[in-house]
Amino acid sequence: MTPEETHQDAIAAAHEWRDEQRDPLGANAMDEGELAELRARLVAEAIAAGRTCARPGQVSIPDVMGLGEVALTLKVTPRKARRITNRPGFPEPYAWLDLGCVWRAAEVRAWAAEHWKN
């Protein structure tokens with residue numbers, strides 16, 4: 001085995017180990033079937049509400065927000081938004097994705113109007 005092949009094998013092994021270790025949401029993470037169901041439901045809701053993008057076959061889903069959008073809505077840093085979303089009384093996440101939780105935008109905005117003065 002050449003040094004180049006050894007190096008590539010080591011990198012591949014490190015990436016494989018990292019991927020095995022990475023499970024940021026634990027048991028709350030969605031499997032592929034649940035994720036496909038969520039996508040289909042969100043797309044159907046968006047189409048029913050008439051929210052389609054300019055490109056054919058694509059749909060925008062503005063009624064869901066991730067941590068970044070929560071931070072923008074509350075006018076805080078993402079770090080502070082993470083702490084806020086963990087508070088009792090904050091709306092429960094709509095779904096847990098690999099990238100993190102998503103919340104229904106209307107629920108977050110209603111919570112902010114009632115509980116957040118910023």
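The values are calculated or read from the model by the stated rules, or taken from the named source; none is laboratory data. What you are looking at is a predicted structure, and each value in this text was computed from that prediction instead of being measured. With ideal geometry, Cβ positions are generated from the backbone for all residues, glycine too; neighbour counts draw on all protein chains shown.
Every residue in region 79-104 that is at pLDDT 90 or above and either among the aromatic types (Phe, Trp, Tyr) or in a helix (DSSP H, G or I) (or both), please.
Passing the criteria: 79, 80, 81, 82, 83, 84, 85, 90, 103.
Which one is surrounded by the fewest Cβ atoms within 10 Å (Cβ to Cβ), of the residues in region 105-118 that are touching a residue at least 24 places away in the same chain (Cβ under 8 Å) and not in a helix (DSSP H, G or I)?
118
Report yes if some residue within region 37-55 is at pLDDT 75 or above and in a loop (DSSP other than H, G, I, E, B); otherwise report no.
Taking every residue of region 37-55 in turn, none turns out to be at pLDDT 75 or above and in a loop (DSSP other than H, G, I, E, B).
In region 69-105, how many residues are at positive phi and under 13 Å from the mean Cα position of the chain (by Cα)? It would help to see each step written out before you state the result.
Just the residues of region 69-105 that are at positive phi, to begin with: 75, 89, 100.
Going one step further and asking which of them are under 13 Å from the mean Cα position of the chain (by Cα), we end up with 100.
Of the residues in that region, 1 qualify.
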